[in-house]
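Undergrad: Starting off with a structure, shown below.
The values are calculated or read from the model by the stated rules, or taken from the named source; none is laboratory data. Not measured: the values here are computed from a predicted model. Here the Cβ positions follow ideal geometry from the backbone for every residue, glycine too, while neighbour counts run over all protein chains shown. For accessibility, only protein heavy atoms count, side chains too; no ligands or nucleic acids. Shrake-Rupley method; radii C 1.70, N 1.55, O 1.52, S 1.80 Å.
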Amino acid sequence: MSYVTCSAACARAPSTVIDKYLYSMRFSDETLHDIKCRFRRELENGLGRDTNTTATVKMLPTFVRSIPDGSEKGDFLALDLGGSNFRILRVKVTQDKKQPVQMESLVYETPEDIIHGSGTQLFDHVAECLGDFMEKQKIKDKKLPVGFTFSFPCAQTKLDEAVLVTWTKKFKVSGVEGMDVVKLLNKAIKKRGDYEADIMAVVNDTTGTMMTCGFDDQRCEVGIIIGTGTNACYMEELRHIDLVEGDEGRMCINTEWGAFGDDGSLEDLRTEFDREIDRGSLNPGKQLFEKMASGMFMGELVRLILVKMAKEGLLFEGRITPELLTKGKIETKHVSAIEKSKEGLTKCKEILTRLGVEPSQEDCVAVQHVCTIVSFRSANLIAATLGGILTRLKDNKGVARLRTTVGIDGSMYKMHPQYARRLHKTVRRLVPDSDVRFLLSESGSAKGAAMVTAVAYRLADQTQSLHFY
């Protein structure tokens, strides 16, 4: 849809003009049901032996076969690597009803030169931080079980082995793709020689979230992250997972849904702004759903829309500043601030003034409306794919009504003032025959890595074997 450069009469865009302008970002329930069905097909392709190799949604087995049952106990370490910060936790799990889990943690920075450097640098950094943490905890002489939350797509054949398939988000570390990250970390720890660690489990942050929430609610069987990136996992029937031997019981599947659409299946829904985001990214053509829905790209999507609208005279009386033209100048946290119900318009004026565009009140209202459309689209997309998982669970169980809990984490969901409410409402419309409880993961996914390790420990005690066999 194109608009000629406007006269003064229409130099300020009312919401109806923006609705028309961004029509392709506003989805009807019919479109959302269609996306839900497309995603269901992708799930099935990822699970099938004959279709997995060409499937874009990889449906990676995690070898996590059980959520916590409340009988776990022990002293564990958890590492969480997946964003600009790297967290280490000590998690003590006891049978104390008042405080079953005690946690102490430290956050370490992951500098830019490391997330764009070599694998050796990255794992030396992780090993150094772990050594520092153990020193501070005075446990360097102990060999504690470690759970490792590694928030990137990995192929696993057992719980304590994870071969990196591809880097995502802002990471681009050389010499790690195709390698087992447990081996790389063990090598870095051994090289130091000043402590020992027993890495028992590698989990994705979605699995970590599901396990964290599963400790509090044993009905939890889905984990979702909506933050810098987005992904989901859920408990699938083993009989449907062609890539893993056995038919009895269930296993957590890491969907890697960020890659949904990489085969062109979302082309009719992608806009010119999505294509521009993709062209300027570290991994063009990859993680297309993630680029449409996650927090990492939301501010930039808004900026690209504002630039185009200003060029067409629909905003700021056609004023365009170098700041507005600078990539990354509008961040997702700004979108969240602008959408706050009371002070949103004031925040909007502050943010736009910093970009030098001298906004009018009408400009601020219009920009707030753009932000709403972009973030609402994200919530709708996530609701549609989550709807695909929920209907799959319902069919697997053969029940008329699904009762389940979704563990959820990530800055978009937690920080955006309207996001959670919109997501919940859309999910309930798309999957009406369900009672879904959304449980916010209060302590992040790293605690979940400790929980996976604790469950592995419990099952090892029961079976005298560490790999859930």
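Undergrad: Tally Lys and Arg at +1 and Asp and Glu at -1 over the other residues with C-beta under 12 Å from the C-beta of K347: what net charge comes out?
TA: +2
Undergrad: Just tell me, in residue order, which DSSP H segments of the chain are both 24 angstrom or longer along the helix axis (alpha-carbon based) and at least 0.5 in mean Kyte-Doolittle hydropathy.
TA: Length and hydropathy pass: 295-311.
Undergrad: Would you pull out the residues with amide H under 5 Å of R437's amide H, same chain only if 5 or more places away, H placed 1.01 Å from N?
TA: Amide H neighbours of R437: T404, T405, V406.
Undergrad: Return the calculated 222 nm mean residue ellipticity for the chain, to the nearest 500 deg cm²/dmol, obtained by summing -39500 (n - 2.57) across DSSP H runs with n ≥ 4 and dividing by the residue count.
TA: Value at 222 nm, helices only, nearest 500: -13000 deg cm²/dmol.
Undergrad: Can you grab the distance from the C-alpha centre of the range 363-389 to the C-alpha centre of the range 287-332, Å, no decimals?
TA: 15
Undergrad: For K308 and Q361, what does the FRET efficiency come to when R0 = 25 Å and r is the distance between their Cβ atoms, rounded to the nearest 0.05?
TA: Efficiency, from the Cβ-Cβ distance: 0.70.
Undergrad: Net charge near C220: determine it from the other residues with C-beta under 14 Å of the C-beta of C220, scoring Lys and Arg +1 and Asp and Glu -1.
TA: That sum, taken over residues with Cβ under 14 Å, equals -2.
Undergrad: How much length would be gained if the chain were fully extended between K97 and Q218, taking 0.36 nm per residue of separation minus their Cα-Cα distance, in nm to one decimal?
TA: Extra length available between K97 and Q218 comes to 42.0 nm.
Undergrad: Give the accessible surface of the range 196-294 per residue, rounded to a whole number of Å², with probe radius 1.4 Å and ligands, DNA and RNA excluded.
TA: It amounts to 32 Å² per residue over the range 196-294.
Undergrad: Please compute the length gained on full extension between E104 and K187, using 0.36 nm multiplied by the number of residues separating them and subtracting their Cα-Cα distance.
TA: Gain on stretching E104 to K187: 27.3 nm.
Undergrad: Do any trypsin sites (Lys or Arg not before Pro) in the range 386-420 lie in a loop, going by DSSP, with at most 15 other beta-carbon atoms within 10 Å of their beta carbon, and if so which?
TA: Taking the range 386-420 and a limit of 15 other Cβ atoms within 10 Å, the loop trypsin sites (Lys or Arg not before Pro) found are R401.
Undergrad: Which cross-chain or sequence-distant (5 or more) residues have an amide H under 5 Å from the amide H of S118, H modelled 1.01 Å from N in plane?
TA: Distant-sequence amide H within range of S118: S174.
Undergrad: In whole percent, what relative contact order does the chain give with Cα contacts below 8 Å and a gap of six or more residues?
TA: About 22 percent, as a whole number.
Undergrad: In addition: Residue by residue through the range 323-335, which ³J(HN,Hα) values in whole Hz follow from phi under the Karplus form 6.51 cos²θ - 1.76 cosθ + 1.60 (θ = phi - 60°), with glycine and proline marked x?
TA: 5, 4, 7, 8, 4, x, 6, 10, 9, 4, 5, 5, 4
Undergrad: Taking only protein heavy atoms and a 1.4 Å probe, what accessible area per residue, in Å², does the range 71-191 have with all protein chains in place?
TA: Per-residue value: 47 Å².
Undergrad: Right, another one. Keeping all protein chains in place and using 1.4 angstrom, which order do I67, I18 fall into by accessible surface area, from largest down?
TA: Ranked from most to least accessible, the order is I67, I18.
Undergrad: Here's another thing I want to ask about it. Taking each pair of different alpha-carbon atoms in the range 273-408 once, compute 1/r for the pair, average those values, and report the inverse of that mean as the Kirkwood hydrodynamic radius in Å to one decimal.
TA: Answer for the range 273-408: a Kirkwood hydrodynamic radius of 16.6 Å.
Undergrad: Here's something else I'd like to know. Below 8 Å between Cα atoms, with a sequence gap of 6+, how large is the relative contact order for the range 290-406 in percent?
TA: The normalised contact order for the range 290-406 reaches 26 percent.
Undergrad: Now for a separate question. Just check the range 44-178 against the gyration tensor rule for me: Cα atoms, a ≥ b ≥ c as the square roots of the eigenvalues, rounded for a/c under 1.5, and otherwise prolate or oblate depending on whether a/b exceeds b/c.
TA: In terms of gyration-tensor shape, oblate.
Undergrad: How long is the gain from D19 to A400 if the chain were fully straight, where each residue apart is worth 0.36 nm and the alpha carbon distance is subtracted?
TA: 133.4 nm
Undergrad: Could you work out the local net charge near A420, counting Lys and Arg as +1, Asp and Glu as -1, over the other residues with Cβ closer than 15 Å to its Cβ?
TA: For residues surrounding A420, the net value is +4.
Undergrad: Considering only protein heavy atoms and a probe of 1.4 Å, how much of the accessible area of the chain is carbon and sulfur, as a whole percent?
TA: Roughly 50 percent of what the probe reaches on the chain is carbon or sulfur.
Undergrad: Still on this structure, please answer the following. What pairs in K169/K327; K349/K414; K58/K172; K73/K158; K138/K447; K183/K447 have C-alpha atoms more than 18 Å from each other?
TA: From the list (K169/K327; K349/K414; K58/K172; K73/K158; K138/K447; K183/K447), the Cα-Cα distance tops 18 Å for K349/K414; K58/K172; K73/K158; K138/K447; K183/K447.
Undergrad: While we're on this one: Rounded to whole Å, give me the distance from the Cα center of the range 216-254 to that of the range 338-356.
TA: 40
Undergrad: Still on this structure, I have one more. Please state the shape class of the range 292-346: rounded when a/c is under 1.5, otherwise prolate if a/b exceeds b/c and oblate if not, all from the C-alpha gyration tensor.
TA: oblate
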